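The values are calculated or read from the model by the stated rules, or taken from the named source; none is laboratory data. Since the model is a prediction, treat every value here as computed from it, not as a measurement. When we count neighbours, we look across all protein chains shown, and the Cβ atoms used for this are built from the backbone with ideal geometry, even at glycine. SASA here: full protein model, heavy atoms, side chains in, ligands and nucleic acids out. Shrake-Rupley method; radii C 1.70, N 1.55, O 1.52, S 1.80 Å.
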Amino acid sequence: MAKEKKLVEAITSMDEDFAQWYTDVVKKAELCDYTSVKGCMVIKPAGYAIWENIQHELDRRFKETGVENVYLPMLIPESLLQKEKDHVEGFAPEVAWVTHGGLEELQERMCVRPTSETLFCDFYQNDIHSYRDLPRVYNQWCSVMRWEKTTRPFLRSREFLWQEGHTAHATAEEAEARTIQMLNVYADFCEQVLAIPVIKGRKTDKEKFAGAEATYTIESLMHDGKALQSGTSHNFGDGFAKAFGIQFADKDNKLKYVHQTSWGMTTRMIGAIIMVHGDNSGLVLPPHIAPTQVMIIPIRQQQEGVLEKANEIKEALAKSGLRVKLDDSEKSPGWKFSEQEMRGIPVRIELGPKDIENGVAVIVRRDTREKITAAIEELPQKIAEVLEQEQHDMLERARAHRDAHTYEATEKEEFKKIADEKPGFIKAMWCGCQECEDAIKEEFGVTSRCIPFHQEQLSDKCIYCGRPATKMVYWGKAY
Ligand SMILES: [Zn+2]
C-alpha cells in the first residue's frame, strides 16, 4: 500500500505548481526523458506511440488533399540559407552549424535544418519548368534543430519532430487557398482527434513567419490559461520564388514566378494533450489518439477462470478494432489502477470472480471515473460507445474551460487588470500598428495570438492608443 501511494503522491498538484505538475506527468507517464545531449530528449515508447498516431492521422488527412511525401537532406549550405533576407534574419540566431567533415574543415559551413524552405526552393528551382509541373504539393516528416536557450519537454526542445509541407502553385489565389485548406486540416485534426478546441486566425506582421507574406495559426488554451500555438500555415506569395529564381513557362508562354506555401505541426502537440486534458492523477488521453484505449485489470487473477475470461474479453475487444491490453502482472489491482490512470488510458475494465459469476464487468472512464456495469458479451459495443462519449465530453470540457477563460476588454485599465489577474485569452480591439502591439507586450506582458477569422466589433477604438480600430485580436501569455 505504501508503494501504491508513492506513484500518485509523486505528482505535484496542478493548482500548486503547474510547471512542476507537467514535468511530473511527462516523467511518471514515461513519455520522455532527459539525455546527455543538452536541450534534447529521448521520446520513450509511450510518448512515441502517441506521435505515431498523430503522424498516421495527419498523414491520412494530408493525402486526402493530394499531398505527397518526400525527403530532403538535413544539412543546408550557408549560401542557400542566405538567399532570402527575412528568412535568414529570423533563423540565424538559432541555427547549429556543421563546420567539419571528418578532419577537414568545410569550405562552406552548413547548418542543421531549422526548417526546410530554402532546400525546397533549391529543389523546386531545378524541378519546375512548366505550368504542367504545377502544383507541387509535397510534405516531409523529419526532425529539425533550433538552438533554444531554455527548453521544456515536448514544448520547446533543440531537436524536435514535425512535418513540414511545402507547396508551389501557378497563381496567388491557389496558394492562398492551399494555405487556408491546410490550416483547416490542422483545426479539424485538433478538434476531432485530440479533443482540443482551437481559434483560427491570422498572425500579425510582427508575429508572422520569417519570409512569409501571411501566417495563419490555430491557437489553443492550456489548463493554466496560457496559449499554445498549435499549428501554422504560411503563404509566401512569390517572395521565395524571386529570391531563388523559381520560374515556370505559363500557358501564355510567359515566364512567371511560382507562389508558395508551407505548413507544420510538431511533437509539441503531445505537450498540448497533457496540458489540456491532464489531471492530478496524470495523463488523460483522448480515445482517438490513445495508443492503448482499454486496459483490462483482473481482480483476484490467481482464482481459476479469471485470467481466461480476461483474455477472452481482450480477444473480443481487439477483434472489434479496439486497442486493448491486459495487465496480468503480479502487481496489486490498486497499483494497476494508478498506473493506468497515470498513463491516461481512456478506459479500464475491472473484472473479478463475482463479476464473472454474474456475467458482467465494470467499465471505468479515465476522465470522469464514472463506473458503468455492462454484460460481458456486450462489452465491445458498450466500450466503443463509452470511448466516443468520452472523446466528445473531453472536447466539450476543453471548450467550456477555454470559453470560461476568454475575456473581453474595451478599456486599457480593464485590459491591464485582466492580464494581471486572469490567465486566459483577452479579446480586444487593435488599430493595426506595431507600436501598440509592442507596448501591450511591454506593459501588460501579453502577446497577440491571432486576428481571428471570426471577428467581433467590441468597440471602435484601439485598446491601447484609442485611435480607430477595425481588428479584434486575441491576446495572451503563451508557451
Ligand atoms: Zn493602437
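In percent, how large is the relative contact order of segment 124-168, given Cα pairs closer than 8 Å and 6 or more residues apart? The normalised contact order for segment 124-168 reaches 44 percent. Estimated at the nearest 10 Å², the accessible area of Asp403 is 90 Å² with a 1.4 Å probe. State the Cα centre-to-centre distance between segment 410-479 and segment 218-274 in whole Å. Using only Cα atoms, the two centres lie 25 Å from each other.
Let me spell out the model: positive unit charges on the Cβ of Lys and Arg, negative unit charges on the Cβ of Asp and Glu, origin at the Cα centre of segment 270-316. What dipole size does that give, in debye rounded to 20?
100
Mind checking the per residue accessible area of the chain for me, 1.4 Å probe, whole number of Å²? Write out the running numbers ahead of the final one.
Values: 21660 Å² over 479 residues.
Per residue, the chain has 45 Å² of solvent-accessible surface.
Segment 248-327: which GluC sites (Glu not before Pro) are DSSP loop and have at most 16 other beta-carbon atoms within 10 angstrom?
Glu304
Ordered from highest to lowest accessible area with the whole protein assembly present and a 1.4 Å probe, Trp141, Trp263, Trp147 read as Trp147, Trp141, Trp263. Ranked by solvent-accessible area (1.4 Å probe, protein heavy atoms only, all chains present), the residues Glu377, Glu421 order from largest to smallest as Glu377, Glu421.
Would you please classify the overall shape of segment 98-166 from the alpha carbon gyration tensor, given that a ≥ b ≥ c denote the square roots of the eigenvalues, rounded means a/c under 1.5, and beyond that prolate means a/b larger than b/c while oblate covers the rest? Judged from the Cα gyration tensor, segment 98-166 comes out oblate (a/c at least 1.5, b/c at or above a/b).
At a Cα cut-off below 16 Å, give the lysines reachable from Lys325, other chains included and same-chain residues fewer than 8 away excluded. Partners found: Lys309, Lys314, Lys336.
Close amide H partners of Lys471, meaning residues 5 or more places away or on another chain with modelled amide H under 5 Å apart, are Trp430. Selection among His166, Ala19, His277 by position relative to the dipole of the chain gives Ala19 as farthest towards the positive end (Cβ unit charges, Cα centre). Of the peptides 327-334, 106-113, 362-369, 20-27, the ranking by mean beta-carbon count within 10 Å, highest at the top, reads 20-27, 362-369, 106-113, 327-334.
Counting protein heavy atoms only, the chain has 49 percent of its accessible area on carbon and sulfur, 1.4 angstrom probe.
Prolate is the label for the chain, because the ratio a/c of its alpha-carbon gyration tensor axes (a ≥ b ≥ c) is 1.5 or higher and a/b is greater than b/c. Estimated from helical segments only, the mean residue ellipticity of the chain at 222 nm is -11500 deg cm²/dmol, where each DSSP H run of four or more residues counts as -39500 (n - 2.57).
Look at the alpha carbon pairs under 8 Å that are at least 6 residues apart: their mean separation over the length of the chain gives a relative contact order of 14 percent.
Normalised by the number of residues in segment 426-468, the average gap of Cα pairs under 8 Å and 6 or more apart makes the relative contact order 56 percent. Converting phi to 3J(HN,Hα) with the Karplus coefficients 6.51, -1.76 and 1.60 and the offset θ = phi - 60°, segment 263-272 yields 7, x, 9, 10, 5, 5, 5, 5, x, 5 Hz in sequence order, with x at every glycine or proline.
With respect to the cross-link table entries Lys206/Lys461; Lys200/Lys416; Lys44/Lys471; Lys27/Lys203; Lys63/Lys477; Lys256/Lys427, which display a Cα-Cα separation exceeding 32 Å?
Details: Lys206/Lys461 21 Å; Lys200/Lys416 24 Å; Lys44/Lys471 44 Å; Lys27/Lys203 34 Å; Lys63/Lys477 34 Å; Lys256/Lys427 41 Å.
Over 32 Å Cα-Cα: Lys44/Lys471; Lys27/Lys203; Lys63/Lys477; Lys256/Lys427.
The Cα atoms of segment 26-85 give a gyration tensor whose axes a ≥ b ≥ c have a/c of 1.5 or more with a/b no greater than b/c, which makes the shape oblate. For Val37, the accessible area of its heavy atoms, probed at 1.4 Å with every protein chain present, is near 90 square angstrom. Per-residue Karplus couplings for segment 164-170, computed as 6.51 cos²θ - 1.76 cosθ + 1.60 with θ equal to phi - 60°, are listed in order as 10, x, 9, 10, 10, 9, 6 Hz, Gly and Pro entered as x.
In order along segment 124-141, phi translates into HN-Hα couplings of 4, 4, 7, 9, 9, 10, 10, 4, 5, 7, 10, x, 9, 10, 10, 9, 10, 9 Hz, rounded to whole numbers, per the Karplus curve 6.51 cos²θ - 1.76 cosθ + 1.60 with θ = phi - 60° and x for Gly and Pro. Counting only heavy atoms of the protein chains and using a 1.4 Å probe, Arg60 has close to 100 Å² of accessible surface.
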